[in-house]
Amino acid sequence: EDQSLQGPVPRVINVNLTAVGNVGAGTDDLITYALPASTLSANGMGVRVTAYGTTANNANAKTVTLNFGATAILTQALTASIAGSWRIAAEIMKTAVDAQDCIAALTQGATDIAHAEFTATTIDDGAAITIKCTGAATSDNDIVQEGLVVEMIN
């Protein structure tokens, strides 16, 4: 079978399945990964980030954010008063030295929220880059991140 039409095969570089919930009121880091320096060494190289988790069934406001370096590439208020689940899928592609295009989408079960954001970032790709989710909520474990997967896509 001709493999040339199938494109690059993703290579998993990080999997973290240790659940992390927010603590009390305010914004907390959930799962964090440090993308090694110079991983995005050439234009057209990129990473796919998949983050997912759950929400508590209470009336508290809950917001999840995916960050690439110091830039929030997606922020979404989640639905209150349901025991819910959420998933963020993002692709981050190097376009030039210290320049990236980021597209991220969040889906939430039960209420079928779908939200996508495009961001052009200027993160130093010669240094380690922090990829993380944060959760802003009111009570412990209003937002729990259950997993984070990072894959090379070229």
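Give, as a single signed number, the net charge of other residues whose beta carbon lies under 15 Å from the beta carbon of L30, with Lys and Arg counted +1 and Asp and Glu -1. Its environment carries a net charge of -2.
So with the 1.4 Å probe, I'd like the accessible area per residue for the chain, rounded to whole Å².
Details: 7110 Å² over 154 residues.
Heavy-atom accessible area per residue stands at 46 Å².
Centre-to-centre separation between the Cα atoms of the stretch 81-154 and those of the stretch 57-79: 9 Å.
A 1.4 Å probe, protein heavy atoms only, puts the accessible area of Y33 near 30 Å². For A72, nonlocal amide neighbours, meaning residues 5 or more places apart or on other chains whose placed amide H falls under 5 Å from its own, do not occur.
In the context of the full protein assembly, C102 retains an accessible surface of approximately 0 Å², using a probe radius of 1.4 Å and ignoring ligands and nucleic acids.
With the charge dipole of the chain set up from +1 on Lys and Arg Cβ and -1 on Asp and Glu Cβ about the Cα centre, the Cα lying farthest toward the positive end among the listed residues A96, A59, G21 is that of A59. Net charge near R11: determine it from the other residues with C-beta under 15 Å of the C-beta of R11, scoring Lys and Arg +1 and Asp and Glu -1. Net of charged neighbours comes to -1.
The values are calculated or read from the model by the stated rules, or taken from the named source; none is laboratory data. Quick caveat: nothing in here was measured; it's all calculated off a predicted structure. Here Cβ is always computed from backbone atoms with ideal geometry, including for glycine, and neighbour counts include all displayed protein chains. With ligands, DNA and RNA removed, areas are computed over all heavy atoms of the protein, side chains included. Shrake-Rupley method; radii C 1.70, N 1.55, O 1.52, S 1.80 Å.
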